[in-house]
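Okay, structure first, notes after.
The values are calculated or read from the model by the stated rules, or taken from the named source; none is laboratory data. Nothing here was measured: the structure is a model prediction, and the numbers come from that model. Counting neighbours? That spans all protein chains shown, and the Cβs are built from the backbone with ideal geometry, glycine included. Remember, those area values only see protein heavy atoms, side chains included, never the ligands or the DNA or RNA. Shrake-Rupley method; radii C 1.70, N 1.55, O 1.52, S 1.80 Å.
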Amino acid sequence: MKHSLLILTGHSKGLGRAILDTYLQKDKYKIIAISRSKLGLKHPNLLEISIDLGDLDVLEDKLPEIFPPGDYEEVVLINNAGWIGEVKPVGAFQAKQMKTQVNVNLLAPMCLTNAFVAAYKDSNAKKIICNISSGASSRPVAGWAGYCSTKAAIAMFTQVAEKEHENSQFRFFSLAPGIVDTEMQDEIRKAEESDFPDLARFKNYKAAGELSSPEEVAAKIFYLLDHAEDFEGVIQDVRAFDLP
């Protein structure tokens with residue numbers, strides 16, 4: 001049996017951990033998982049690589065380890081790592097924080113997507129890139145200027161990549177995961193109302209049990225990527241379809 005390869009960023013917590021656990025249950029996948037912190041899991045199909053995606057120089061040096069050659073049935077890249085950044089209005093940002101947010105949310109997935117295409121362009125494997133975006137990529141949210149902007153940018157980058165590779169074996173998705181019960185939501189709820197006018201609404205999502213579980217969203221992500229031929233277009237949202 002040919003193996004498939006998954007490269008996943010931001011695997012150590014939240015949605016990334018749920019995606020990792022979902023794919024670890026599929027014996028055919030070899031997984032290269034990238035986060036600042038390793039989980040230390042002992043699994044024959046898992047290789048963890050510790051990288052701070054805010055440091056692009058380190059990321060560039062590690063690229064040969066991230067995209068190994070091989071005769072794979074399928075190769076999948078899920079750029080899941082992301083950072084909400086400072087929840088503050090424009091005029092109150094710190095330059096260093098802005099740079100880190102752009103690196104993590106935009107430049108790192110651009111770099112990884114570029115390296116993925118270069119590494120596997122001659123492979124006969126099925127090739128899928130899924131960049132985790134957000135509904136905020138198409139809707140301005142006060143206090144989220146950096147997050148909305150970087151997610152909008154990665155969505156457009158993904159659409160351009162798809163346009164460039166029409167009629168190829170590559171498939172590109174920009175996927176909004178919905179509002180997921182993760183540490184990012186904890187960070188959002190800790191914002192000051194003066195910086196984030198929607199604070200009460202986001203607190204209510206949690207109180208009313210309206211947040212999706214990471215496991216539920218991970219199952220939908222797996223289904224989408226495993227049935228990519230059934231989904232038209234680059235821009236996708238897990239809330240737009242149900243599992244069979």
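Which of the residues belonging to the range 156-191 are assigned to a helix (DSSP H, G or I), surrounded by 13 or more Cβ atoms within 10 Å (Cβ to Cβ) and not aromatic (F, W, Y)?
Taking the range 156-191 as the starting set, the residues that turn out to be assigned to a helix (DSSP H, G or I) are 156-164, 183-189.
Then keep just the ones that are surrounded by 13 or more Cβ atoms within 10 Å (Cβ to Cβ); that gives 156-159, 161-162, 184-185, 187-189.
Across the range 156-191, the qualifying residues are M156, T158, Q159, A161, E162, M184, Q185, E187, I188, R189.
Name the residues in the range 133-155 that are open to solvent by 20 Å² or more (accessible area, probe 1.4 Å), within 17 Å of the chain's Cα centre (by Cα) and hydrophobic (A, V, I, L, M, F, W, C), would you?
A152, A153
Would you pick out the residues in the range 1-28 that are of a type in the set (S, T, Y), touching a residue at least 60 places away in the same chain (Cβ under 8 Å) and touching a Leu at 6+ places or on another chain (Cβ under 6 Å)?
Of the residues in the range 1-28, the ones of a type in the set (S, T, Y) are 4, 9, 12, 22-23.
Still in the list and also touching a residue at least 60 places away in the same chain (Cβ under 8 Å): 4, 9, 22-23.
Once the filter is applied, which keeps residues that are of a type in the set (S, T, Y), touching a residue at least 60 places away in the same chain (Cβ under 8 Å) and touching a Leu at 6+ places or on another chain (Cβ under 6 Å), the range 1-28 yields only Y23.
Select, from E162, E232, E210, E216, the only residue that is more than 19 Å from A18 (Cβ to Cβ), without any contact (Cβ under 8 Å) to a residue 60 or more places away in the chain and not β-branched (V, I, T). First the steps, then the outcome.
Numbers: E162 fails: without any contact (Cβ under 8 Å) to a residue 60 or more places away in the chain; E210 fails: more than 19 Å from A18 (Cβ to Cβ); E216 fails: more than 19 Å from A18 (Cβ to Cβ).
Of the residues listed, the single one that is more than 19 Å from A18 (Cβ to Cβ), without any contact (Cβ under 8 Å) to a residue 60 or more places away in the chain and not β-branched (V, I, T) is E232.
Taking the residues in the range 197-244 that are more than 27 Å from T158 (Cβ to Cβ) and not in a helix (DSSP H, G or I) as candidates, determine which candidate is most open to solvent (accessible area, probe 1.4 Å).
Going through the range 197-244, the residues more than 27 Å from T158 (Cβ to Cβ) turn out to be 197, 199-201, 203-204, 206-210.
Then keep just the ones that are not in a helix (DSSP H, G or I); that gives 197, 208-210.
Details: P197: 83, A208: 55, G209: 61, E210: 108 Å².
Applying the filter and picking the extreme gives E210.
Going by what's in this entry, would M98 be described as modelled with pLDDT under 95 and either open to solvent by less than 70 Å² (accessible area, probe 1.4 Å) or not charged (D, E, K, R) (or both)?
Working: modelled with pLDDT under 95: no; either open to solvent by less than 70 Å² (accessible area, probe 1.4 Å) or not charged (D, E, K, R) (or both): yes.
So M98 does not fit the description; no.
Looking only at the range 167-181, count how many residues are within 21 Å of A125 (Cα to Cα) and within 12 Å of the chain's Cα centre (by Cα). Break it down into steps so the answer makes sense when it comes.
Filtering the range 167-181 down to residues within 21 Å of A125 (Cα to Cα) leaves 167-174.
From the residues that got through so far, the ones that are within 12 Å of the chain's Cα centre (by Cα) too are 173-174.
Going through the range 167-181 one residue at a time, the tally reaches 2.
Select from the range 235-244 the residues that are farther than 16 Å from E162 by Cβ, of a type outside the set (D, E, K, R) and touching a residue at least 40 places away in the same chain (Cβ under 8 Å) and list them in ascending order. I'd like the intermediate steps shown before the answer.
Initially, the range 235-244 is screened for residues farther than 16 Å from E162 by Cβ, giving 237-244.
Right, trim to of a type outside the set (D, E, K, R) and you get 238, 240-241, 243-244.
Scanning the range 235-244 gives a single hit, V238.
So which residues in the range 60-107 are more than 30 Å from K190 (Cα to Cα) and not in a loop (DSSP other than H, G, I, E, B)?
First, pick out the residues of the range 60-107 that are more than 30 Å from K190 (Cα to Cα): 60-77.
E60, D61, K62, L63, P64, E65, I66, E74, V75, V76, L77, listed by residue number.
Restricting to the range 97-146, what's the tally of residues that are touching a helix residue (DSSP H, G or I) at 6+ places or on another chain (Cβ under 8 Å), farther than 12 Å from G54 by Cα and small (G, A, S)?
Residues flagged as touching a helix residue (DSSP H, G or I) at 6+ places or on another chain (Cβ under 8 Å), farther than 12 Å from G54 by Cα and small (G, A, S) within the range 97-146 amount to 7.
Evaluate the following for P44: is it more than 18 Å from H11 (Cα to Cα) and either open to solvent by 50 Å² or more (accessible area, probe 1.4 Å) or not hydroxyl-bearing (S, T, Y) (or both)?
So P44 fails the test.
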